[in-house]
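The values are calculated or read from the model by the stated rules, or taken from the named source; none is laboratory data. All figures in this text were calculated on a predicted structure; none of them were measured in a lab. So basically every Cβ, Gly included, is an ideal-geometry build from the backbone, and we count neighbours across all protein chains shown. Keep in mind that these areas ignore ligands, DNA and RNA; they rest on the heavy atoms of the full protein, side chains included. Shrake-Rupley method; radii C 1.70, N 1.55, O 1.52, S 1.80 Å.
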Amino acid sequence: MTTETIVIVGAGQAGGWAAQTLRSEGFAGRVVLVGDEPHRPYERPPLSKAVLSGDAHAETTHLLKPDAFDALGIDWRPSVGATFIDRAAKQLRLTHGEPVAYDKLILCNGGRARRLNIPGADLPGVFTLRSIEDAAALGAALSAGKRLLVVGGGWIGLEVAATARKKGLGVTIVEAMGRLCERTVPSEISDYLLQLHTSHGVDVRLGTGIERLAQNAQGGLTASFGDGSELACDAVLIGVGLVPNDELAREAGLACDGGVLVDSQCRSSDPDILAAGDVAAWHCEWAGRRMRLESWQNAQEQGIAAARAALGTTVNHQPLPWFWSDQYDVNLQIFGMPAPAHRVVLRGDQSASSFVMFFLDGDKVVAALGPNSARDLRFARRLIERRTSVDAAQLADLQVPLSKL
Ligand SMILES: Cc1cc2nc3c(=O)[nH]c(=O)nc-3n(C[C@H](O)[C@H](O)[C@H](O)COP(=O)(O)OP(=O)(O)OC[C@H]3O[C@@H](n4cnc5c(N)ncnc54)[C@H](O)[C@@H]3O)c2cc1C
């Protein structure tokens, strides 16, 4: 192993896993971890759930306790941004400090919350949610009796809405598309989510966009919507998706297309530069297309895969996509990539608190999802991964245990 310095850009979840994997795989060379946040690597899912509600402290999100992190012997550069990759010299330039030479570079610099280009988007009381600081600022604005407007009916918007209801706020969700989470789930699940939120007292407005925000005489904000209606509120969360931080790669001439393009070995168009996590786009065999997978599972597994690939191990990063969301008392999990072409088989009652929806391609289950069905979904995952042929009638039959299939 001739590689002596491996530099990781981004001390988030993928970067943190890449750094610890280099050590657990026995790499004794120099590891430099450059992160523009002041924190050690941490996980973001609790930021819209337990951390936002105040039930968990921000430090519980850290991947490793400080002692364990320090024991890795990593040259961690907190609050330092990477500004330019000089590929010819194999050097990374930073916002401050000396340039850092690399033998292998792993880009784990994630993405940022998409902003809305409307009047009033920068007013006080308007929030996005990506970092620990964002969660602290939004959390401070969530006091009982106030009204929160959530712009965007995607996962983060829905989770924040649930947390805000739990804290006693009135909540309105406005979503420009015709249904909730339209990009990621079939219409049956959008309907389920709509029912879940309306039954918890959320005012959900579909098919209309926000056009402007302005301060009102009561010291709050007034939102104006495309259908001509208005809403007075105390705080606004903009939850309209993520922009991948691929500018660093693009300026260095790496192939990018809505993310840094990598192969299943996590290698970019420069074999000495790899990428993992929210910033990386690759051909996902389960989806049958190139995509970025914005999920906890992918950040961890691709971070690990990229580190191993940087050390010369042959990897094939093709995990079955897994995503979960927690809203109220519901834990919804999705395995695989449901698509309109799949045949849907329902196990259980869709109006009940738990059921499983299977997605079949021929006689094979290719995706499954459901609320509060962790056990059944574990079996579903095996059916998918083993590509087991199944009988749809048996899948739907609650008398037939999934373990038997
Ligand atoms: C509020 C919230 C809730 C979520 N909930 C879930 C969930 O329930 N289930 C699920 O599966 N997924 C969830 N996710 C998604 C999951 O957290 C992300 O997919 C994951 O964090 C991606 O990890 P990453 O390391 O690629 O990016 P990040 O964790 O964003 O890390 C990237 C890091 O790079 C830093 N950086 C960027 N540019 C530079 C630069 N030039 N120089 C140095 N550092 C830089 C960033 O500041 C950041 O620290 C959630 C995400 C959020 C924001």
Residues with amide H under 5 Å from that of Cys256, placed H, sequence gap 5 or more
Leu261
Any chance you could get the radius of gyration and Dmax over the Cα atoms of region 27-79, in Å?
13.0, 41
How far apart, in nm, are two points set 7 Å out from the Cα along the Cα-to-Cβ line at Leu72 and at Glu98?
2.3 nm
For Lys90, list the lysines whose Cα falls under 17 Å from its own Cα; do not include residues on the same chain fewer than 8 positions away.
Lys104
Mean-position separation - Cα centroids, region 159-195 and region 1-47, in angstrom
35 Å
Output wanted: per-residue J couplings in Hz (rounded whole) for region 188-199, from phi through Karplus 6.51 cos²θ - 1.76 cosθ + 1.60, θ = phi - 60°, x for Gly and Pro.
4, 7, 4, 5, 4, 5, 4, 4, 4, 6, 5, 5
For region 352-386 and region 276-325, write down the distance between their C-alpha centroids in whole Å.
21 Å
Percent of all alpha-carbon pairs of region 250-405 at distances over 24 Å, whole number, is 41 percent
Trypsin sites (Lys or Arg not before Pro) within region 56-94: which are DSSP loop residues with at most 16 other Cβ atoms inside 10 Å?
Arg87
Just to be sure I understand: of the beta bridges DSSP finds with both ends in the chain, what percent are antiparallel, rounded to 5?
60 percent
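Based on the Cα gyration tensor of region 126-238, what are the three equivalent ellipsoid semi-axes, each the root of five times an eigenvalue, rounded to whole Å and given largest first? Walk me through the intermediate numbers first.
Working: eigenvalues 90, 57, 33 Å².
Output for region 126-238: semi-axes of 21, 17, 13 Å.
Using heavy-atom solvent-accessible surface (probe 1.4 Å) with all chains present, what is the largest-first order of His283, His57, His197? Show your work: numbers first, answer last.
Values: His283 95, His57 120, His197 0 Å².
I get His57, His283, His197, largest accessible area first.
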DSSP-assigned coil residues among trypsin sites (Lys or Arg not before Pro) in region 311-389, each with at most 14 further Cβ atoms within 10 Å:
Arg386, Arg387
List, largest first, the extents of the alpha carbons of region 194-281 along their principal axes, each in whole Å.
56, 31, 22
With bins of 5 Å, the percent of all Cα-Cα pairs of region 1-133 per bin from 0 is 2, 10, 18, 19, 17, 14, 10, 6, 3, 1, 0
Can you give the accessible area of His96, probe radius 1.4 Å, in Å² rounded to 10?
110 Å²
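Could you rank the peptides 334-342, 183-191 by their average count of other C-beta atoms within 10 Å per residue, with the highest value first?
On the way: 334-342: 18.2, 183-191: 16.4.
My ranking of the peptides, most packed first, is 334-342, 183-191.
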With +1 on each Lys and Arg Cβ and -1 on each Asp and Glu Cβ, how big is the dipole of the chain about its Cα centre, in debye rounded to the nearest 20?
440 debye
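Ordering Asp234, Asp55 by accessible area with a probe of 1.4 Å, largest first, what comes out?
Numbers: Asp234 70, Asp55 105 Å².
If we order Asp234, Asp55 from most to least accessible, we get Asp55, Asp234.
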Would you mind checking the radius of gyration and Dmax of region 329-404 based on alpha-carbon positions, in Å?
11.2, 34
Using the Cα centre of region 126-238 as origin and beta-carbon charges of +1 (Lys, Arg) and -1 (Asp, Glu), tell me which of Thr163, Leu193, Met177 is placed farthest towards the positive end of the dipole.
Thr163
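Among the listed pairs Lys65/Lys166; Lys49/Lys167; Lys146/Lys167; Lys364/Lys404, which are separated by more than 21 Å between their Cα atoms?
Details: Lys65/Lys166 30 Å; Lys49/Lys167 11 Å; Lys146/Lys167 10 Å; Lys364/Lys404 15 Å.
In this structure, Lys65/Lys166 lie more than 21 Å apart at Cα.
Which length gain, in nm to one decimal place, applies between Glu285 and Ala217 when the Cα-Cα distance is subtracted from 0.36 nm times their residue separation? Present the calculation step by step, with values, prior to reporting the outcome.
Values: separation 68, 0.36 × 68 = 24.48 nm, distance 5.41 nm.
Roughly 19.1 nm would be gained on extension.
Which semi-axis lengths, in whole Å and largest first, follow from the square roots of five times the eigenvalues of the Cα gyration tensor of the chain? Don't skip to the end; give the middle numbers.
On the way: eigenvalues 249, 181, 68 Å².
For the chain, the ellipsoid semi-axes come out as 35, 30, 18 Å.
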Per-pair calculated FRET efficiency, R0 = 30 Å: Ser79 and Ala144 via Cβ, rounded to 0.05:
0.30
